[in-house]
Amino acid sequence: MKNIIEQNTAKRLPVSSLARTTLSTGLLFRLGLNTSQSLLSDIISVKKPDLRSALVSKKNVTATVNTLKNLRGAAMKFGQLVSLDDSIILSPELSSIFAQLRSSGYSMTPSQLKKVLNENWGEGWLKNFKNFEVRPFAAASIGQVHKAILASGETVAIKVQFPGVKKSIDNDLNTLKFIMKNSGMLPANFPLEYYISQCGELLRQETDYELEAANINNFSQFLENFSCLKVPKVYDELTTDQTITMSFLEGQELSSLVNFNQSKKDKISLSLIELLFNEIFNFKFVQTDPNLANFLVSKDDNSISVLDFGACCRVSDETYKLYKGLLKVSLTLDVEKVKLFLEENNFVPRDASAEGTKFIDKIVATAIEEITRHEVFDFQKSKIFELITEENFNLYLELIPSSVLGSDFIFIQRKILGLILFFRVIGARVPLLKILIKYCKLLDL
């Protein structure tokens with residue numbers, strides 16, 4: 001969830017599929033008009049017409065952002081999926097669009113908010129509160145979050161889903177796909193269908209707030225013996241399919257960790273790695289959204305609060321065996337054995353090019369060499385990231401997990417990638433080899 005105190009703008013959001021489609025049609029018209037004007041300007045100025053520059057002009061970027069702000073759900077989730085590392089996947093223009101979407105966006109008007117709450121809680125719902133802040137303090141891709149004080153005196157956070165999001169998922173995704181395909185802003189070989197499909201699966205999960213409440217309660221039980229990890233308490237009587245009421249947790253967003261000392265960075269990074277290993281091998285239930293705004297760090301004891309459980313998956317037996325096998329073969333520290341395991345278990349796409357295979361081989365060899373050379377793995381200094389450059393973009397796309405692997409595996413890999421990129425940004429240093437050895441022993445491998 002993104003804090004929006006500074007930039008909140010209330011606007012009546014489109015509810016019906018027709019209204020949402022009309023917005024998108026209007027965008028495509030504006031993109032075409034702006035592009036034509038830019039090309040005409042080039043001709044008048046006796047310059048060679050530049051279609052690429054015309055398509056990604058400042059006017060077009062601004063028009064795209066303003067329209068996608070209204071669509072919210074599909075556009076925001078697509079942006080989160082493809083922008084774990086903007087510099088690798090997206091053009092500067094598209095990076096700018098999704099960066100603006102993450103930092104801004106419209107909220108519901110008070111009348112829209114009241115209508116949603118009346119439909120979910122009944123018209124007398126205000127009696128349950130001493131105070132209810134109408135202005136949201138945070139926003140997510142499909143809803144906004146309000147702070148309130150219950151009649152009993154407890155401070156809570158209430159997530160309210162934007163109207164029309166759930167009913168319009170398929171329509172919004174088709175519209176978004178059309179915009180992305182015709183905007184000229186995506187790379188030629190970008191796997192748009194793959195990301196649209198993943199986006200749809202995530203949105204269908206995340207629009208079920210009762211499912212999210214159950215996920216929170218499950219994690220609360222899992223983490224009973226983990227003092228450094230916290231989840232909010234759910235208030236069932238004020239939780240529905242479109243609203244979820246939770247205890248209000250204090251802390252700083254995980255993204256602020258970049259400004260902390262090295263010891264704190266390393267300790268919190270280690271906690272996140274331990275959580276991931278427990279999710280996969282112990283709980284067999286993973287919170288798969290790596291969005292940093294979903295994690296808060298306590299100023300007092302460095303404990304981590306996990307806030308958003310809309311995107312969770314159970315680890316299938318097949319995926320569990322895959323990760324156990326990967327953990328075991330990794331500790332052989334043998335490049336050839338690791339490569340063979342990757343090929344036999346479809347980690348490497350069967351149709352990968354010869355160049356793509358060499359690229360993956362180089363990444364594996366570099367990772368093993370770096371893990372074994374130093375007791376502490378320094379994510380910021382790792383040469384692995386030097387291999388994933390704009391020049392290697394098409395080779396990087398071949399690393400996208402094969403469709404023959406389970407969706408749970410794909411979502412878990414997305415979380416792992418998100419954490420790795422975060423550790424890189426903050427310069428985390430962790431004893432990676434010791435962690436791998438520890439879990440191999442715990443799993444009797």
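Coordinate-derived values only; no laboratory data. It should be emphasised that the depicted structure is a prediction, and the values quoted were computed from it without experimental measurement. In this analysis, Cβ positions are derived from the backbone assuming ideal geometry, glycine residues included, and neighbour counts consider all displayed protein chains.
For segment 331-358 versus segment 423-441, the inter-centroid distance based on Cα atoms is 22 Å.
Could you put His146, His374 in order, starting from the residue whose Cβ has the fewest other Cβ atoms within 10 Å?
Listing His146, His374 from fewest to most nearby Cβ atoms yields His374, His146.
The charge dipole of segment 254-445, taken about the Cα centre with unit charges on the Cβ atoms of Lys, Arg (+1) and Asp, Glu (-1), comes to about 520 debye, rounded to the nearest 20. Running Debye on segment 254-445 with equal point scatterers at the Cα sites and no solvent, what base-10 log of I(q)/I(0) appears at q = 0.10, 0.12, 0.16 Å⁻¹? These q points yield log10 I(q)/I(0) values of -0.42, -0.62, -1.17. On a C-alpha basis, how far is the centre of segment 142-206 from the centre of segment 214-240 in Å? Whole number, if you could? Using only Cα atoms to place each centre, the spacing works out to 23 Å.
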